[in-house]
1. Counting just the residues of segment 84-116 that are crowded, with 18+ Cβ neighbours inside 10 Å and farther than 23 Å from residue 149 by Cβ, which one comes out farthest from the chain's Cα centre (by Cα)?
2. Is there a residue being basic (Lys, Arg) and touching a helix residue (DSSP H, G or I) at 6+ places or on another chain (Cβ under 8 Å) anywhere in segment 60-74?
3. Going by the structure shown, is residue 77 farther than 16 Å from residue 161 by Cβ and either surrounded by 19 or more Cβ atoms within 10 Å (Cβ to Cβ) or touching a Ser or Thr at 6+ places or on another chain (Cβ under 9 Å) (or both)?
4. Which numbered condition trips up residue 91, out of (1) modelled with pLDDT under 85; (2) within 19 Å of residue 38 (Cα to Cα); (3) of a type in the set (S, T, N, Q)?
5. Out of curiosity, is residue 166 among the aromatic types (Phe, Trp, Tyr), crowded, with 16+ Cβ neighbours inside 10 Å and closer than 30 Å to residue 19 by Cβ?
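The values are calculated or read from the model by the stated rules, or taken from the named source; none is laboratory data. Remember, predicted model here, so these are calculated numbers, not experimental data. Backbone-built Cβ (ideal geometry, glycine too); neighbour counts: all protein chains shown.
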Amino acid sequence: MEHSIAGIKKAMDYWWLLLLTGIALVSMGIWVFISPDNAYVSLSVLFGACILFVGVFELLFAFTAKRSLHTWGWTVASGIFDILIGCFILTYPHMTTTILPYVLGLWLLLRGFSAIAFALDVRRYGVSNWGLLLAIAIAIIVFGILVLSVPAFGLLGIIVWTAVSFIFAGMFRIFLAVHLRRMKEELE
């Protein structure tokens with residue numbers, strides 16, 4: 001308890017850093033709303049890097065757990081697919097912006113089917129919550145189908161949720177900074 005109070009007191013001295021990061025996040029969220037085209041290209045590059053990263057680690061996971069995975073081949077294929085999609089998005093970010101909802105939808109479908117295979121693999125090992133994993137996998141497939149059926153849903157969702165998330169994350173940090181500053185003033 002004493003240790004956490006000391007940590008909070010130390011954090012109070014740097015409340016202004018939280019304020020600056022909050023302002024930056026809110027500003028970024030507003031920029032995404034004001035300039036969705038530029039934000040969309042930036043998000044496309046970020047998605048490409050993220051999917052490439054996921055693919056590399058999926059392959060590393062597959063090769064390190066090769067003997068214990070019943071779905072080893074599916075995991076390898078999924079990792080290779082992620083690497084190819086990530087490289088494609090990073091190589092052609094402006095072209096990708098027009099097809100990103102389709103790429104995202106297909107990627108979600110593959111991830112969903114891969115998650116179903118993984119949930120069933122986990123069930124074989126006697127994990128009791130495998131049904132929750134299966135339900136999440138099915139939800140991923142539903143979202144993938146929704147994005148493919150209504151590409152505007154994917155495009156609009158990407159922009160809106162990114163902007164809203166940045167704004168809320170920024171507001172949280174601003175409010176936290178203000179509270180830390182008040183607490184610091186009360187203690188002095």
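1. Selected residue: 93.
2. yes
3. Answer is yes for this residue.
4. (1)
5. Yes: the conditions hold for residue 166.
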